[in-house]
Amino acid sequence: MPFDQIVIRSLSGYLFFAPGLAVYCLVLARMGKRQPRLHTLTLFVFGYYLIGVFTVTGIKAFEAFAPRLALVPFVDMVRGPVDTALNVVLFVPLGVFVPLLYGRFRRIGRTAAAGALLSLTVEVVQLFGMGATDINDLLTNTAGTLLGYGLFALLARCSGRTGLRAFRAAGADAAELLLLTGYALLVMVTVQPVFIRTLFGLG
């Protein structure tokens, strides 16, 4: 996908995502569950990242169920090393954001599971006319998440627990992560495709 289309699609998706996130934060505040300010600000950055992941992986409005499966591991990694590297890099930020925002995910296994589940979600959605579902994407995305966790671990060592506490969610970690991911996906398969088709003529 050309870079200009990535920018248009991701920004248009975020245009619908950000107000919903703002409402969510206001509702939490009204319920007396105030999040640390750095956590809230980082959530908005993380939200754009999620929209970006769904944009780059070709997530759009659902079409007919038309699976294109690549289930033999490692073969395409050799044939397409650039795509393999990009798949790894794409999920590195996830490995940083998730443990940074959510204390329950400050274990490498839980963060890796979060990366694998997000990647699996993308691969399942792609069964509906959005590209090939590839086992190698799942492997490389999870590897990228692990690399990101390594960066987080270095950050944690430098800043200490006190510095990281300012980013940590006050409420239910896993529930918020699932809510944000699900909402970003919902935006990208519903209102965002209609918006860019109407405004830019992009399918």
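Values in this text are rule-based calculations from the coordinates and carry no lab data. All values derive from a computational prediction rather than experimental measurement. No Cβ is skipped: glycine too gets one built from the backbone with ideal geometry, and neighbour counts run over all protein chains shown.
General remarks:
- Efficiency of FRET between L154 and T190 - r from beta-carbon atoms, R0 41 angstrom, step 0.05: 0.60
- Listed peptides 126-139, 50-63 by packing density, highest first (mean Cβ within 10 Å): 50-63, 126-139
- Span-like helix check, the chain: qualifying full DSSP H segments, with Cα axial length of 18 Å or more and mean Kyte-Doolittle of 1.6 or more, are 81-101, 173-189.
- Cα radius of gyration and Dmax for region 4-119 (Å): 17.0, 53
- Note on the chain: helix-only mean residue ellipticity at 222 nm, from DSSP H runs of 4+ residues weighted -39500 (n - 2.57) and normalised by residue number, equals -25000 deg cm²/dmol.
- Gain in span if fully extended, V27 to L69, counting 0.36 nm per residue against the direct Cα distance: 11.0 nm
- Normalising the Debye intensity of region 77-134 to I(0), with uniform scatterers on Cα atoms only, and taking log10 at q = 0.16, 0.18, 0.20, 0.26 Å⁻¹ returns -0.60, -0.72, -0.84, -1.05.
- Label selected from (1) 17.3, 53; (2) 18.8, 57; (3) 17.2, 61, the criterion being Rg and Dmax of the Cα atoms in Å as computed here: (1)
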